[in-house]
Amino acid sequence: MKKVLFIFCVISIFLGGCIEEKKFEVPNLSGRVVDTTNTLSKEDISKIENAILNFEKNTGGQFAVCIVPEIPGETVESASMKVAEEWKIGNQGKDDGIIFFLTMKEREFRIEIGYGYEGKINDGKAGDIGRLAIPKFKSRKWAEGI
């Protein structure tokens, strides 16, 4: 019995050291909509990109959407900030970028708004936008929510 316990402990230690812990990695910015989960159809992406181009034309700022499968070891706030810091959405010196960040496993989203937009889209307005998205997400109408 002691041998079995010893072997079990050795194997557990060995496997524990070999198993790599998952970490959140920021996906590459490859367009205005980065969906690493294939949640959106090509048609959905096209509609969202057209809406983003219209938004950018009217405001002069920039907008991007990031959908990831999960954020192991992160909060939605820290993961979305990592995306914002790496992608640098917005015009240099104006900080007029917005990122809509959605994580599927945790079922959370966050809207990161650059300081250049804070006068136009304050926390209250961002909250209103989020409250409009939630019913769409609950109905799995991802593109409509975004």
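Read-outs throughout are calculated quantities, based only on the coordinates presented, and are distinct from any laboratory measurement. Quantities reported herein were computed from a predicted structural model and do not represent experimental measurements. Backbone-built Cβ (ideal geometry, glycine too); neighbour counts: all protein chains shown.
Pairing the Cα long axis of helix 42-59 with the longest principal axis of the chain, what angle in degrees results, from 0 to 90 and rounded to the nearest 10?
The angle comes out near 50 degrees.
Provide the net charge surrounding Ile48, with neighbours chosen by a C-beta distance below 13 Å and charges set as Lys +1, Arg +1, Asp -1, Glu -1.
Cβ neighbours under 13 Å give a net charge of -1.
So if I take the centroid of the Cα atoms in segment 18-57 and the same for segment 102-121, what is the distance between those two points in Å?
Cα centroid to Cα centroid, the span is 14 Å.
By DSSP, what percent of the beta bridges with both residues in the chain are antiparallel, rounded to the nearest 5?
40 percent
Which order do the peptides 107-116, 71-80, 93-102 come out in when sorted by mean C-beta neighbours inside 10 angstrom, highest first?
Answer by packing, highest mean first, reads 93-102, 107-116, 71-80.
If you take the C-alpha gyration tensor of the chain, multiply each eigenvalue by 5 and take the square root, what semi-axes do you get, largest first, in whole Å?
Gyration-tensor ellipsoid for the chain: 38, 17, 14 Å.
I need the calculated FRET efficiency for the pair Glu56 and Ile134, taking r as the beta carbon distance and R₀ as 30 Å, to the nearest 0.05.
0.75
To the nearest 0.05, how large is the calculated FRET efficiency for Gln92 and Glu118 if R₀ is 25 Å and r is the Cβ-Cβ distance?
0.90
If you line up the long axis of helix 123-138 against the longest principal axis of the chain, both from Cα atoms, how many degrees apart are they, to the nearest 10?
60 degrees
Here is the link list: Lys94/Lys141; Lys94/Lys136; Lys22/Lys138; Lys22/Lys57. Which ones come out longer than 29 Å on Cα distance?
Exceeds cut-off: Lys94/Lys141; Lys94/Lys136; Lys22/Lys57.
Amide H to amide H under 5 Å from Glu108: which residues, 5+ apart in sequence or cross-chain, H placed 1.01 Å off N in plane?
Close amide H contacts, sequence-distant or interchain: Thr103.
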